[in-house]
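K.L.:
Pasting in a structure now, in structure tokens, and then I'll have a few things to ask.
Coordinate-derived values only; no laboratory data. It should be emphasised that the depicted structure is a prediction, and the values quoted were computed from it without experimental measurement. Glycine also receives a Cβ, built like all others from the backbone with ideal geometry; neighbour counts cover every protein chain displayed.
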Amino acid sequence: MAPSDDARSQPAEIRIEPMTPGDLPGVLAIERRSFPTPWSERAFVSELRDNLYADYIVARHGDRVVGYAGMWCILDEAHVTTIAVDPEFRGRGVGDRLLTALEQRALRYGCRRMTLEVRVSNHVAQRLYRRHGFRPCGIRRGYYVDNGEDAIVMWRDRLDPPGPVATEEPGAEGARGAAAADGLEATDGVAPRGVDAASASAAGAGGAAGGSEAP
């Protein structure tokens, strides 16, 4: 399928804005195309309405949501919970813009460090994170509940200045799986995706737990 005119847009035409409940139809459409165990609408609503530590943003082209990302900010640490880009807009720097925006916002909230999890097989996401100064610090065995895949725990120890700090291959936007431009995993509105499905169900999240990944 040929890309739409919207998909041919340049990164400069993309706006990064706080996520609102009105964005959820577009967010959920990308979520379902990007992850094997997508978050439910109820999970996103809970994050936006009830989680005082959560901060979610969208990438917008015109009125269309073309990507989104989120994190939890606790004390001086930020934990990326999800990041994904519309398949039609991947490879255009949207994932990089979203991650940079999270870093900028985390600094404003007083965070000095940032962490995330990424599938061991998701080399696209890993390249993006390395460009932003993230380094592998450990392994979480069987972290992704959809297939039992291990997660690499990555940390960026200094967020100031935000944005890329190293040169890697261009167009690295990865996330859940090699194509989603997200790179983390978290349970539906309970904890960074990939923990245990029972906890999400017990908490009433209303969706399957499983990995999410960030570009």
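K.L.:
For the range 1-138, what log10 I(q)/I(0) values come out of the Debye formula at q = 0.12 1/Å, with one point per alpha carbon and no solvent?
P.N.:
-0.46
K.L.:
Roughly what would the spin-label model give for residue 74 and residue 137, points 7 Å off Cα along C-beta, in nm?
P.N.:
The modelled label-to-label distance comes out at 1.4 nm.
K.L.:
Modelling each spin label as a point 7 Å along the Cα-to-Cβ direction, I'd like the residue 33/residue 51 distance in nm, to one decimal.
P.N.:
Once both label points are built, they end up 2.3 nm from each other.
K.L.:
While we're looking at this one, here's another question. So if each residue of separation counts as 0.36 nm, and I subtract the Cα-Cα distance between residue 63 and residue 150, what length gain in nm does that give?
P.N.:
Gain in length upon complete extension: 27.6 nm.
K.L.:
Related question: Can you give the extra length, in nm with one decimal, that the chain gains between residue 20 and residue 123 once fully stretched, where that is 0.36 nm per residue apart less the Cα-Cα distance?
P.N.:
34.0 nm
K.L.:
Using the Kirkwood formula on the Cα atoms of the range 86-169, what hydrodynamic radius do you get, in angstrom to one decimal?
P.N.:
That comes to 13.6 Å for the range 86-169.
K.L.:
Please get the size of the charge dipole for the range 49-120, origin at its Cα centre, with Cβ charges of +1 on Lys and Arg and -1 on Asp and Glu, quoted in debye to the nearest 20.
P.N.:
That gives the range 49-120 a dipole magnitude of about 160 debye.
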